[in-house]
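Here's the structure we're looking at; comments come further down.
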Amino acid sequence: MRAPDHPAPVSIGPVRLATNLLLAPVANYCDLAWRITCRELGGLGLACTDLLSPHGLLRGTAQSLDLASTNQDDRPLCMQLYGGEPDILAQGALWAVDHGATVIDINMGCPVDKVTKKDGGSKLLCTPDRTVLLAQTVVRAVERATRGRVPVTAKLRLGWDDSCIVAPDLAVALARVGISAITVHGRTTEQMFKGGVRHEGIRAVVEAVRAALGPPEQGGPPVIGNGDVLTPELAQEMIHRTGCAGVMIGRGSFARPWIFRRAWALLTTGEPGPEPDEPERIAIVRRYFELMLRFRDEHYALNHMRRRISWMGKALGPCKPLKERVRTARSPADIHDALDEFLAGGLRVFSDGAGAEPQPV
Ligand SMILES: Cc1cc2nc3c(=O)[nH]c(=O)nc-3n(C[C@H](O)[C@H](O)[C@H](O)COP(=O)(O)O)c2cc1C
């Protein structure tokens, strides 16, 4: 096994994380219940909310407040804001500071029309000078209000398309106005989620930031690599190939929320340690469900379990009948009955496509 590459925890401004692994903001997926589920499994240095509308936060709309809800177990927490209006973003950032944010992130990568049509998300990549001024407004407001306690970060893509790769220069300019860490998803907006993540694109950002501001060990802002990290080995490869200081993981956590624990073990010891066994995996599914019931309500929890079971099922082997039972569950008891039956050996599909053998009673 290769020696650990960059086992150092990441610091973002004055905030020292326990590891260099971050949970990505993924709209509709990374709610409080999911963040706590991942945190409890270990290895996670920083978790991020889904993207938040500063207008929604400032008006106090129920949807925005639900998305921003947090508690003391959900620390350190990054709250991500989107938009293109500097003053509104700054006010939203101050709201976030008052409501539990340890770090504020500005979304500069979202390719979705709803966000880019309002000049937010990855549309910010098209007007780098304006974007730097916007970031500066937010940094100054947060710095003044918190005396530098809460850092501001940015999450970008490589550029809008291949003819406009702005991430290296933009990252340097952002760091110069006080952005404390840069996360780069190694794709362009035009790519959406197609094609593989481009390590060389992330590497160019790492090199530009290091050349201009020094490596993180000497006070330069860390660059966090992101995209397609589905296993601990791919986290290690991301660091190895790009030189990034940390790794942000989104979709790879949905089937295996223990990926942070195993990736951190791999980076620091050279061994990822064992995967959880089946009873532990089922206990994790139950825990997530229980937390959704606690923080939200039955309707929300059942709805999310129906959507999430196809991801979680990827780590449970061929289990179409289990997924079907969870999708048609009408009550929490139905979910637990299905999981009990699965643990007892039922609700599986074997390689010939046949259902599980009837279990002796
Ligand atoms: C359904 C979906 C929703 C997303 N929502 C956000 C978001 O709210 N903010 C953001 O910065 N990125 C968002 N992303 C991008 C992810 O944070 C991440 O950059 C991307 O999924 C690549 O990382 P991964 O391969 O580890 O998932 C979203 C991605 C997906 C698939």
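The values are calculated or read from the model by the stated rules, or taken from the named source; none is laboratory data. Please read all numbers here as calculations on a predicted model, not as lab measurements. All Cβ positions, glycine included, derive from the backbone under ideal geometry; neighbour counts span all protein chains shown. Accessible surface is based on the protein model in full, side chains and every heavy atom, while ligands, DNA and RNA are left aside. Shrake-Rupley method; radii C 1.70, N 1.55, O 1.52, S 1.80 Å.
Before moving on, here are some points about what is shown:
- The set of residues from segment 202-258 being away from the ligand (no atom under 16 Å from the Cβ) and hydrophobic (A, V, I, L, M, F, W, C) comprises 204, 206, 208, 209, 211, 212, 213, 245.
- Cross-chain or 6+ apart pairs with Cβ under 8 Å, segment 102-113 first and in contact (Cβ under 8 Å) with a residue 24 or more places away in the chain and at negative phi, then within 13 Å of the ligand (Cβ to nearest atom) and among the basic types (Lys, Arg): 105/155; 106/155; 107/155; 108/155; 108/157; 109/155; 109/157; 111/157
- Condition met for residue 301 (assigned to a helix (DSSP H, G or I) and over 17 Å from residue 346 (Cα atoms)): yes
- Flag if residue 322 is buried (at least 21 other Cβ atoms within 10 Å of the Cβ) and either modelled with pLDDT under 95 or in a helix (DSSP H, G or I) (or both): yes
- Taking the criterion of being among the polar types (S, T, N, Q) and farther than 18 Å from residue 137 by Cβ, the residues of segment 169-196 that qualify are 183, 188, 189, 191.
- Matching residues, segment 22-43, being within 11 Å of the ligand (Cβ to nearest atom) and not in a loop (DSSP other than H, G, I, E, B): 22, 23
Let's see how each residue does on (1) under 25 Å from residue 185 (Cα atoms); (2) free of Cβ contacts under 8 Å to residues at least 12 places away in the same chain; (3) open to solvent by 20 Å² or more (accessible area, probe 1.4 Å):
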position: 228; (1), (2), (3): yes, no, yes
position: 234; (1), (2), (3): yes, no, yes
position: 255; (1), (2), (3): yes, no, no
position: 261; (1), (2), (3): yes, no, yes
position: 267; (1), (2), (3): yes, no, no
position: 277; (1), (2), (3): no, yes, yes
position: 289; (1), (2), (3): no, no, no
position: 311; (1), (2), (3): yes, no, yes
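- Those helices (runs of 4 or more DSSP H) of segment 44-123 in which 2 or more residues are among the aliphatic types (A, V, I, L, M) and away from the ligand (no atom under 13 Å from the Cβ) occupy 54-59, 62-68, 86-98.
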